[in-house]
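**Student:** Dropping a structure here in structure tokens format, bear with me for questions.
The values are calculated or read from the model by the stated rules, or taken from the named source; none is laboratory data. Predicted model, so just to flag it, every value in this text is computed and none were measured. Methodologically, a virtual Cβ is constructed for each residue, glycine included, from the backbone with ideal geometry; neighbour enumeration extends over all protein chains shown. For accessibility, only protein heavy atoms count, side chains too; no ligands or nucleic acids. Shrake-Rupley method; radii C 1.70, N 1.55, O 1.52, S 1.80 Å.
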Amino acid sequence: MAGKKIRLAELVVLVQGELVGDPELLISGVADFDSAGEGEITFVADLKRGARLDECKGSAIIVPLAVTEISGSAIRVKNPYLAVARIHALFVEEPFVATGVDARAVVGDDCHIPAEVAISPLVFIGNRVHLGQRVTLHPGVVVYDDAVIGDDVVLYANVTIGRGCRIGNRVIIHSGAVIGSDGFGYATDGNGHHLKRPQVGVVQIDDDVEIGANTCIDRATFGRTWVKRGTKIDNLVQLGHNVVIGEDALLVAQVGMAGSTTTGNNVVIGGQVGLGGHIHLGDRVMIAAKSGVHNNLEPGSIVAGIPAIPHKNWLRASAAYAKLPDMVREMRELKKKVAELSRAMTPGRDDSPGNDA
Amino acid sequence: MAGKKIRLAELVVLVQGELVGDPELLISGVADFDSAGEGEITFVADLKRGARLDECKGSAIIVPLAVTEISGSAIRVKNPYLAVARIHALFVEEPFVATGVDARAVVGDDCHIPAEVAISPLVFIGNRVHLGQRVTLHPGVVVYDDAVIGDDVVLYANVTIGRGCRIGNRVIIHSGAVIGSDGFGYATDGNGHHLKRPQVGVVQIDDDVEIGANTCIDRATFGRTWVKRGTKIDNLVQLGHNVVIGEDALLVAQVGMAGSTTTGNNVVIGGQVGLGGHIHLGDRVMIAAKSGVHNNLEPGSIVAGIPAIPHKNWLRASAAYAKLPDMVREMRELKKKVAELSRAMTPGRDDSPGNDA
Amino acid sequence: MAGKKIRLAELVVLVQGELVGDPELLISGVADFDSAGEGEITFVADLKRGARLDECKGSAIIVPLAVTEISGSAIRVKNPYLAVARIHALFVEEPFVATGVDARAVVGDDCHIPAEVAISPLVFIGNRVHLGQRVTLHPGVVVYDDAVIGDDVVLYANVTIGRGCRIGNRVIIHSGAVIGSDGFGYATDGNGHHLKRPQVGVVQIDDDVEIGANTCIDRATFGRTWVKRGTKIDNLVQLGHNVVIGEDALLVAQVGMAGSTTTGNNVVIGGQVGLGGHIHLGDRVMIAAKSGVHNNLEPGSIVAGIPAIPHKNWLRASAAYAKLPDMVREMRELKKKVAELSRAMTPGRDDSPGNDA
């Protein structure tokens, strides 16, 4: 990373942007708007957020196409976030350094471990484990028997991969995540005792998935719990047995999904959302943070609330909720007024003894 | 597991079911409906779920008593889930293999460790720890000083058992769970600084409890936090100091219970439920997922919502919630109509200048 | 701890209380009301909780100033919780025992490690790590390269401190907590693929912070995620990238805060609360358990609900919510009654064919 210098013109090509200013400018890194300095490129995603371009101390800036008045060097792009992600990745990427298997790691029998790996001290690898090329296992990682790990996988400290689980290529799993714990499955007998149902399936994580710290993904009762290509899962998420998450999904922190629930591709599930078991979310479903979903959702649905309803409706319902005390009062007044009108319409009746309608 | 073959008649006896077909049929394993093949037994819990018996490729099937038209071999039972749990357990159970204490484990002073245990490499056991017979400690497990672990306990990778905590017999604790972290207890001084209250109690886990991955159970301030016999706790659950959970409870993932809350037996608490401190749930209370409970609940209560109300009422209230925007509109119209009626009833008055009631 | 005996008069001075009874009484420890025995001091925080002073078996008792009728020895104080915290801390505090670096720990290159530390077996310390005086690292702790740990810090089993993160003095972090995992930041391309944005910032934890078991605090995208002095965080909490928590805050279990959200000092956030990204909570904000906050909150705000509204309003709104089904019925009846009145006011019209208004 240190010392890497790239011409602005090259970065423009990388992000398919439009160059403003000096193509020969040498860029040495990426920084955020407030801290960018000499030689660094920074970005503004949205001028409305209040950044003032003339306050930028960096040498170049990535801006949305809409920005036209630029004094220094810049790259104009459709999606600044995407451009900065690509450029930043270029600067921070480091060549894989194969350190092999540290002598203080513990490795079982009949494993397949290429020469090009980096296995830290205090790692535990069971029997018949298959590791791909350039796998990095940090200290405290435990890989159980018969697990299969793809190429270029990084498992951070204290990650657990359960017996027989399969991890694809370029998967990143953060510290403390548990892949392949038993599903929560019991049968209750006549005395109210819960008998454990054996959980003999596995977890399969496909290519390019990232999984957050202390997230738990349970193994299937039978078959597999499955997270498909490109999906990104935040910290402290819970996926029950036999859950299937489609491709390119985003699951924000502390989401919980009960057993056998499945999703299409490109779903976005907000933080702390809970999903019941045995339901299906169609492609591109979006669920607002803290919602509770108990039913299937059509592709493209945008929902919120407990239980979840269409998001537009929820916005109005929750606004009305805050005014419920007023509504209760108005209802009381209205009832009174109607009763008065009613009495006024039926002369004499309102004077009858004992009438308190 | 491999190679085990059991006569269908024996399985019938095990589950106290009714035999249909060939008692001598040899069964070699259990599978789910879609993947069951030659020699395997499978099950349908409920014909309404759409399984069609004639599509079954397994050699035998477990069905509810209600099913009478069966072409092949089968076991008819009252509770198929229970039967399959019993039969499956029979097939997957393996004899305990005592591997002793691995040389790469770390064991403190004055511990009691029977010969018949399986202590993995990279396990840490403190001083004066007492292990029961046939205890299995997976890599990364940390058992602090003075802890007591019962017979036939399995602690998966990276589980922590805090100082002085007591774990019963046949307890299973999944990876990353933390038993005996300090309770969240502070006293706030006049400057708003929070002074830590020492947490000197322990956690006691009774027989046949199962605890999910990355679940946290805090030690008591004084005395004990206590999970009683047969209770099953899912992943990422939080139990505060001095919580007491009765027997045979089910706590689904991401439940949180504040300090000193207690429950009777056979409670069922849905995913992501939050419970306030110092309350009591009676026997057989059921709480719907995502609810928030702040008050004591009578035995047998079934509740939902934040704050929780009777479940039946919640179903109707939440349905009404979705229609609140309509209700607001109707209320407005009704007010208008009543005002009109009112004006009509008091002739002359509605023509007064400035009257807009 | 064992054997420590302190005169009651000394304890009175420590907590600036009023002595009742024998100043020379020797106290040997603290216990809760029900279990306190000979030589122990106990407390009642609030007489309304039902404790009866005459049932106390302890040798002395800490009581609120309001309590005047006391038969035995006692300390009268303004805040019993605070007094018992101070006194209890005095009894349980033990001198730091420097055991040095265990030979079964793994330590990288160019670290600064004082002689006065206690580094357990199976600890992993990366390169260029700086440890303060009297640091205690429990088994399974992983400290990545370039981290800085202050004086008198205790990291319990399996805690992870990410690369370059900074931990202040007297910080306590409980088992399984992950400090410095990558923030959840992606840019989505035109095909719906999520490109990882490098997370190159750090986490900074200031003095006297305590962090609960399995809590996750993500590193900043740029700059730092920051928890300021004296803040206490419970178990299973999630703090996103670039979050800033002010001083002396309390975050109860399972709170989740999205990226770039910041708070003032002395905020109190209840269990399972979720906070959206890029918002600010003023000083002394209090948020009820299970709430969802999407907007800035003024200093001193007390809020509840999803979305959060003023707590007083929420109490009335949630009470009304439970009665929504009644309200729906009343609305229907009222509409009917108004329609009847309306018909009665316009004679003849209600008999028109097809009129069902």
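**Student:** With the checklist (1) of a type outside the set (A, V, I, L, M, F, W, C); (2) surrounded by fewer than 24 Cβ atoms within 10 Å (Cβ to Cβ); (3) touching a residue at least 60 places away in the same chain (Cβ under 8 Å) in hand, flag the one item B:His294 doesn't pass.
**Tutor:** (3)
**Student:** Tell me, which residue of the stretch A:317-336 that is at pLDDT below 95 and more than 10 Å from chain C (Cβ to nearest Cβ) is surrounded by the most Cβ atoms within 10 Å (Cβ to Cβ)?
**Tutor:** Here the answer is A:Glu330.
**Student:** Does B:Asp54 count as open to solvent by 40 Å² or more (accessible area, probe 1.4 Å), at pLDDT below 95 and closer than 21 Å to A:Thr221 by Cβ?
**Tutor:** The answer is no for B:Asp54.
**Student:** Now a separate question. Taking the stretch B:209-246 as the region of interest, how many residues are facing another protein chain (nearest Cβ under 8 Å) and charged (D, E, K, R)?
**Tutor:** 4
**Student:** Among the residues of the stretch C:74-81, are any more than 14 Å from every other protein chain (Cβ to nearest Cβ), surrounded by fewer than 17 Cβ atoms within 10 Å (Cβ to Cβ) and either modelled with pLDDT of 95 or more or part of a loop (DSSP other than H, G, I, E, B) (or both)?
**Tutor:** Among the residues of the stretch C:74-81, not one is more than 14 Å from every other protein chain (Cβ to nearest Cβ), surrounded by fewer than 17 Cβ atoms within 10 Å (Cβ to Cβ) and either modelled with pLDDT of 95 or more or part of a loop (DSSP other than H, G, I, E, B) (or both), which makes the answer no.
**Student:** Continuing with the same structure: Can you pull out every residue in the stretch A:283-301 that is among the aliphatic types (A, V, I, L, M) and either more than 18 Å from the chain's Cα centre (by Cα) or under 17 Å from A:Thr231 (Cα atoms) (or both)?
**Tutor:** Within the stretch A:283-301, A:Val285, A:Met286, A:Ile287, A:Leu297 meet the criteria.
**Student:** Quick one: would you say A:Ala9 is closer than 30 Å to C:Gly277 by Cα and either free of Cβ contacts under 8 Å to residues at least 40 places away in the same chain or under 28 Å from the mean Cα position of the chain (by Cα) (or both)?
**Tutor:** Answer is no for this residue.
**Student:** Let me ask something else about it. Just checking, which of C:Ile309, C:Ile279, C:Ile269 is within 30 Å of C:Gly223 (Cα to Cα), at pLDDT 90 or above and over 18 Å from the mean Cα position of the chain (by Cα)?
**Tutor:** Exactly one residue qualifies, and that residue is C:Ile279.
**Student:** Within the stretch B:138-150, is even one residue modelled with pLDDT of 95 or more, farther than 23 Å from B:Glu210 by Cβ and more than 14 Å from chain A (Cβ to nearest Cβ)?
**Tutor:** Yes, the stretch B:138-150 contains a residue that is modelled with pLDDT of 95 or more, farther than 23 Å from B:Glu210 by Cβ and more than 14 Å from chain A (Cβ to nearest Cβ).
**Student:** Which ones in the stretch B:271-291 are among the small types (Gly, Ala, Ser), open to solvent by less than 10 Å² (accessible area, probe 1.4 Å) and facing chain A (nearest Cβ under 10 Å)?
**Tutor:** Of everything in the stretch B:271-291, just one residue is among the small types (Gly, Ala, Ser), open to solvent by less than 10 Å² (accessible area, probe 1.4 Å) and facing chain A (nearest Cβ under 10 Å), namely B:Ser291.
**Student:** Which ones in the stretch B:166-186 are within 12 Å of chain C (Cβ to nearest Cβ), farther than 15 Å from B:Asn235 by Cβ and either in a loop (DSSP other than H, G, I, E, B) or touching a Gly at 6+ places or on another chain (Cβ under 7 Å) (or both)?
**Tutor:** The answer is B:Gly180, B:Ser181, B:Asp182, B:Gly183, B:Phe184, B:Gly185.
**Student:** Moving on. Considering each residue of the stretch A:29-51, count those that are of a type outside the set (Phe, Trp, Tyr), part of a loop (DSSP other than H, G, I, E, B) and open to solvent by less than 50 Å² (accessible area, probe 1.4 Å), and give that number.
**Tutor:** 9
**Student:** Considering every residue within the stretch C:130-151, establish whether at least one is in contact (Cβ under 8 Å) with a residue 40 or more places away in the chain, touching a helix residue (DSSP H, G or I) at 6+ places or on another chain (Cβ under 9 Å) and either surrounded by 15 or more Cβ atoms within 10 Å (Cβ to Cβ) or not assigned by TED's automatic domain parsing to the domain that holds C:Val178 (or both).
**Tutor:** No, the stretch C:130-151 has no match at all.
**Student:** Consider B:Leu122 against the criteria (1) aliphatic (A, V, I, L, M); (2) in a helix (DSSP H, G or I); (3) not assigned by TED's automatic domain parsing to the domain that holds B:Leu53: it satisfies all of them except one. Which criterion is unmet?
**Tutor:** Here B:Leu122 meets the rest and fails (2).
**Student:** Could we say that C:Val227 is more than 14 Å from the chain's Cα centre (by Cα), among the hydrophobic types (A, V, I, L, M, F, W, C) and assigned by TED's automatic domain parsing to the domain that holds C:Gln272 here?
**Tutor:** The answer is no for C:Val227.
**Student:** Determine if the stretch B:195-217 includes at least one residue that is open to solvent by 30 Å² or more (accessible area, probe 1.4 Å), closer than 25 Å to A:Gly185 by Cβ and among the β-branched types (Val, Ile, Thr).
**Tutor:** no
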